[in-house]
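Please read the structure below before turning to the comments.
Where a number appears in this text, it was derived from the coordinates with a stated rule and is not lab data. These numbers come from a predicted model, not from an experiment. Don't worry about glycine lacking a Cβ; one is built from the backbone with ideal geometry, like all the others, and counts go over all protein chains shown.
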Amino acid sequence: MLQEVDLSSMSKPVLGYLRQTAERSWMGIYLRILAIIMAYGASVHFANLMGFGEKPWGEAPIAWKIGDVFYALIDTLTAIGLWQRTAWGTLCFLSTIASQFLIYTVFIDYFAFTVEQHQAIYGLLGTEVILLLIFVTLFVIKK
């Protein structure tokens, strides 16, 4: 017989640890810095939605349109959660980074058509690696 597993009881320690980590002084400051970075990212996507991007909105490829709508919303939500230093904000941040790595590595041909666009995406991914490494370092440090 299959045994029923209560996932909510398993996630409580993880969320509790994320809350405790956010209360550390350096992590709290870094979460606010990340919130500003994510708000900037959201504003770039909203600007694209308003037609101020590389191409007018109507001429943009469908992958760009879907990405702009999704990341405008998720980056805004992430910025709010990180600014408030919530566990869900941290989870949104990690999910956003993971999803961008997925689409910009596996599906890069749908998002980058020129050498310059590839370079911009690689620059974004490099920046995200640095942000993630700082986050992990602060997450592991107990001070």
### Separation of the Ile108 and Leu94 label points, Cα + 7 Å toward Cβ, nm
2.6 nm
### Query
Rounded to the nearest 0.05, what FRET efficiency is calculated for Ile62 and Ile33 with R0 set to 41 Å and r the Cβ-Cβ distance?
0.80
### Message
Between Gln84 and Met50, how high is the FRET efficiency from 1/(1 + (r/R0)^6) when r is the Cβ-Cβ distance and R₀ = 22 Å? Nearest 0.05.
### Response
0.25
### Query
Just in the range 40-120: which chymotrypsin sites (Phe, Trp or Tyr not before Pro) are loop by DSSP and have at most 13 other Cβ atoms within 10 Å?
Phe52, Phe107, Phe113
### Query
When only Cα pairs under 8 Å and 6 or more residues apart are kept, what is the percent relative contact order across the range 65-143?
17 percent
